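Visitor: Supplied in structure tokens, the structure appears directly below.
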Amino acid sequence: MFELNSLNVFVNNFLGFVQSTSYLPWVRWLLKLMALAQAIIPAGWPQSYPLSDGDKFDFIVVGSGSAGAIVAARLSEVPHFKVLLLEAGGDPPPASVAPSLFGTLGHTEYDWDYKAYLDKNTGTVHPDRAIYMTRGKMLGGSSSNNFEVYSRGVPEDYDEWAQVANGWYWASVLPYFKKFEGIKDPSITNNPNHRDLHSTDGSVAVTRPKRNRYFSEVNDIILNSYEEMGLKKILELNGPDNLGVSLPHFTFANGRRSSTAEAFLRDKERRNLKVVKYARVTKILIDDITSRVYGVEVFVEGKKINVFANLEVIVSAGAIDSPKLLMLSGIGPREVLTTIGINVIVDLPVGKNLQDHHYTPIVFTGQRGLQSVVQNLLVPTELDSYPVPIQSGFFRVDKWGYSQRPQFQIFNVRIGATASPMILFGFRAITNFDEPFSYSISKANVDREIDVTSVINVHPRSRGEVTLKSSNPFDDPIINMGYYRDEEDIETTFQGLKFMLSYSNTTYMRKVGGKIVKLDVSACNHLKWGSDEYWRCYVRHAVGSMLHPVGTCEMGPYGVVDERLRVYGVSGLRVADASVMMTIPSGNTNAPTMMIGEKAADLIKADYNALYQEKYFI
């Protein structure tokens, strides 16, 4: 942890220094060479408003992440709404803006740096059964430090939501995806079967960048191998085909990450939107008699102050911190709150229903020799894009019935030979895999390229929970991921893993003498490697997180919020972020969370007869 923290802090400090000296000709030349020129350009982030005790606004939005920045920006389109956006962190650094440097943000001031825990006899390749639950602590939240994959899920995901929350079916949420989306991929916009599912007008840039020749050849080899396995090549993963493999789309363009801070806050000053940075909200203020929310308690510059909301407080702090804030304020499970001395205002299942996409890694060796090192030498030229060739897809192994809803998502990353030191460092320090497991991966890469394939069960049945350690708002929450509490998830994931193992038998892999790497999982070493019993054990213990926590302020009649995102039992309070999801969508969660932000803003506008107010910018 110390080594990672030191390296990441150094990288971010160095980039900050480079930004401050970017006017020098030699620095400009270096930035151009390293494809970082756009990321170092002065950012134009909003100034922090000097908040005072007793200030009043119509709406207070807590958290400027994937949903919160959108909620605040859209509400401020109504000229007579006075909106306050509170963010616990500061501006995104250059390492956030540069599309390829996401790996340098963990364990720094830009990360909440939480640990999440796995149950006994699960995930034992993680020391203390802990995973690093990286969460963005800056403008844009986790949209400013995620891996930028743009994936919306499939229509069945949202039609399932609508069974318990009216108005959230696919046809009703698609316009909100299109509202923020600004796709810049001609292969999509010029295709009549795809372009109606997309928009070119939104603020969030979505691209599939042109790759260098070497990366393109690698992508073709791998996608052709998948096709040989029976996985259909499709144009995109957000189109009319729900099953197949393709190159993913990303939320960046022109050398800059398209976070919600970039898309909705940068260079968009409005007189009626005030943004306060380094503002830590510690409590929602609720009237004891009327149960009406009237403001928040917030720490700014070391001082505790109260600010007030004439109409509503909207909590958009994410699936970890939104339930934490509600529970600190007396909204949550009675058995949790009374134990730590918090007065219960509303007994609701806050913090329950935690879901996440967990992955199982498989590693394959490929081509031997120095020719595969070329890929690593090209990484500096791709710093304004994506640093490695990456492929993705959705598939089912259950062939019964007619469902086209995916069971599995895969991501594959090709790494050229001799990257072993960085592989060892990454698996140890970023994902907290233990040294034997991490070393067994890096050793395979000494003289061979490797494919690291993540197999993801996209609809896990298991549930975890977020709860409080104490009534102290500055204590980290307790995060129990709950992986494999439902044994059916073991069997389902095993079936997906077993299918993907056949990649080693494809034409390319046979040609280069590729093999499945035997990774060091001590809990399974007593079993015959390669047997079904071994792989089931491997699934249980070699598990990692895609960092997609959702569901902890569940929407629906038995949850925390209603279909208009209003918290049950109090008035003047909504939650709008990934925590309201009842079930996790099939793909990555950033895009669905942005959609929730867009829809939430319209729900609020409609409730105050302001849905069609003229937009304006000042």
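The values are calculated or read from the model by the stated rules, or taken from the named source; none is laboratory data. As the structure is a prediction and not an experimental result, all values here were calculated from the model. Cβ sites come from the backbone with ideal geometry, for glycine too, and all protein chains shown count toward neighbours. Heavy atoms of the whole protein, side chains included, go into the accessibility calculation; ligands, DNA and RNA do not. Shrake-Rupley method; radii C 1.70, N 1.55, O 1.52, S 1.80 Å.
Visitor: Any aspartates and glutamates with Cα under 15 Å of the residue 515 Cα? List them, leaving off those in the same chain fewer than 8 positions away.
Guide: Filter leaves 447, 449, 451.
Visitor: Per residue of the chain, what 222 nm ellipticity follows from adding -39500 (n - 2.57) for every DSSP H run with n ≥ 4, rounded to the nearest 500?
Guide: Values: 19 runs with 175 residues, N = 618.
Taking each H run of at least 4 residues, the total per residue is -8000 deg cm²/dmol.
Visitor: Every cysteine in the chain with no other Cys Cβ under 4.7 Å from its Cβ, please list them in numeric order.
Guide: For the chain, the answer is 553, because their Cβ atoms have no other cysteine Cβ under 4.7 Å.
Visitor: Taking the Cβ-Cβ separation of residue 310 and residue 269 as r and a Förster radius of 25 Å, what is the calculated FRET efficiency to the nearest 0.05? Intermediate values should be presented prior to the final figure.
Guide: Values: r = 22 Å, r/R0 = 0.89.
The value I calculate is 0.65.
Visitor: Can you work out the FRET efficiency for the pair residue 220 and residue 515, with r the C-beta to C-beta distance and R0 = 22 Å, to the nearest 0.05?
Guide: Details: r = 22 Å, r/R0 = 0.99.
Plugging the Cβ-Cβ distance into 1/(1 + (r/R0)^6) gives 0.50.
Visitor: With a cut-off of 8 Å between alpha carbons and a minimum separation of six or more residues, what is the relative contact order of segment 252-328 in percent?
Guide: Working: 75 pairs, mean separation 16.3, N = 77.
Taking the mean separation of contacting Cα pairs over the length of segment 252-328, I get 21 percent.
Visitor: State the Cα centre-to-centre distance between segment 185-220 and segment 246-267 in whole Å.
Guide: For segment 185-220 versus segment 246-267, the Cα centre distance is 14 Å.
Visitor: Take the alpha-carbon centre of segment 135-150, take the same for segment 553-595, and report the distance between them in whole Å.
Guide: Centre-to-centre (Cα) distance: 19 Å.
Visitor: Counting other Cβ atoms within 10 Å of each Cβ, which trypsin sites (Lys or Arg not before Pro) in segment 538-598 have at most 11 and sit in a DSSP loop? Write out the running numbers ahead of the final one.
Guide: On the way: sites: 540, 564, 566, 574; in loops: 564.
In loop regions of segment 538-598 (DSSP not H, G, I, E or B), there are no sparsely surrounded trypsin sites (Lys or Arg not before Pro).
Visitor: State, as an integer percentage, the relative contact order of segment 322-383 based on alpha-carbon contacts under 8 Å between residues 6 or more apart. Please list the in-between numbers first.
Guide: Numbers: 40 pairs, mean separation 14.7, N = 62.
Relative contact order here is 24 percent.
Visitor: Going down the table (232/498; 178/303; 303/352; 137/518), which pairs top 30 Å between alpha carbons?
Guide: Values: 232/498 18 Å; 178/303 41 Å; 303/352 32 Å; 137/518 37 Å.
Correct reply: 178/303; 303/352; 137/518.
Visitor: To continue, here is another question. Can you tell me how much longer the chain between residue 119 and residue 523 gets when fully stretched, taken as 0.36 nm per residue apart minus their C-alpha distance, in nm with one decimal? Mind dumping the intermediate values first?
Guide: On the way: separation 404, 0.36 × 404 = 145.44 nm, distance 1.45 nm.
This chain segment gains 144.0 nm when fully extended.
Visitor: Note down the nm distance, to one decimal, between modelled labels 7 Å out along Cα→Cβ at residue 172 and at residue 505.
Guide: 4.7
Visitor: Zone of residue 418 (label point 7 Å along Cα→Cβ, backbone N under 16 Å): which residues in segment 371-388?
Guide: 371-380
Visitor: Which value in nm describes the separation of the simple spin-label points at residue 339 and residue 233, placed 7 Å from the Cα toward the beta carbon?
Guide: Output for this residue pair reads 5.4 nm.
Visitor: Okay, moving on. Could you work out the mean projected area of the convex hull around the alpha carbons of segment 264-352, in square nanometres to one decimal?
Guide: Working: hull surface 29.4 nm².
With the hull built on Cα positions only, its mean projection is 7.3 nm².
Visitor: Show me, bin by bin at 5 Å from 0, the whole-percent P(r) of segment 203-337 based on Cα pairs.
Guide: The percentages, shortest bin first, are 2, 8, 11, 13, 12, 10, 8, 9, 9, 8, 7, 3, 1, 0.
Visitor: What whole number of Å gives the distance from the Cα centroid of segment 87-128 to the Cα centroid of segment 320-357?
Guide: About 24 Å separates the Cα centre of segment 320-357 from the one of segment 87-128.
Visitor: Taking the Cα atoms of segment 445-546 alone, what are Rg (to one decimal) and Dmax (as a whole number) in Å?
Guide: Considering segment 445-546 through its Cα atoms, Rg and Dmax are 17.7, 60 Å.
Visitor: Given axes a ≥ b ≥ c from the Cα gyration tensor, I'd like to know whether segment 154-236 is rounded (a/c under 1.5), prolate (a/b larger than b/c) or oblate. Present the calculation step by step, with values, prior to reporting the outcome.
Guide: Working: a/c = 2.89, a/b = 1.55, b/c = 1.86.
Because a/c hits 1.5 or more and a/b fails to exceed b/c, segment 154-236 counts as oblate.
Visitor: Order 422-434, 187-199 from most to least packed using the mean count of other Cβ atoms within 10 Å.
Guide: Numbers: 422-434: 19.8, 187-199: 14.8.
Going from most to least packed, we get 422-434, 187-199.
Visitor: Continuing with the same structure: Relative contact order for the chain: what percent, with Cα pairs under 8 Å and sequence separation of 6 or more? Display every interim value, and only then the final one.
Guide: Numbers: 1453 pairs, mean separation 132.4, N = 618.
21 percent.
Visitor: Go through (1) 1.03; (2) 0.95; (3) 1.00 and flag the label whose value is the computed Rg/Rh (Cα atoms, Kirkwood Rh) for this structure.
Guide: Computed from the coordinates, Rg/Rh (Cα atoms, Kirkwood Rh) corresponds to (2).
Visitor: Further question on the same structure: Taking a probe of 1.4 Å, how large is the accessible area per residue of the chain, in Å²?
Guide: 39
Visitor: Let me ask something else. With every protein chain present, what accessible area does residue 475 have (1.4 Å probe, heavy atoms only), rounded to the nearest 10 Å²?
Guide: 50
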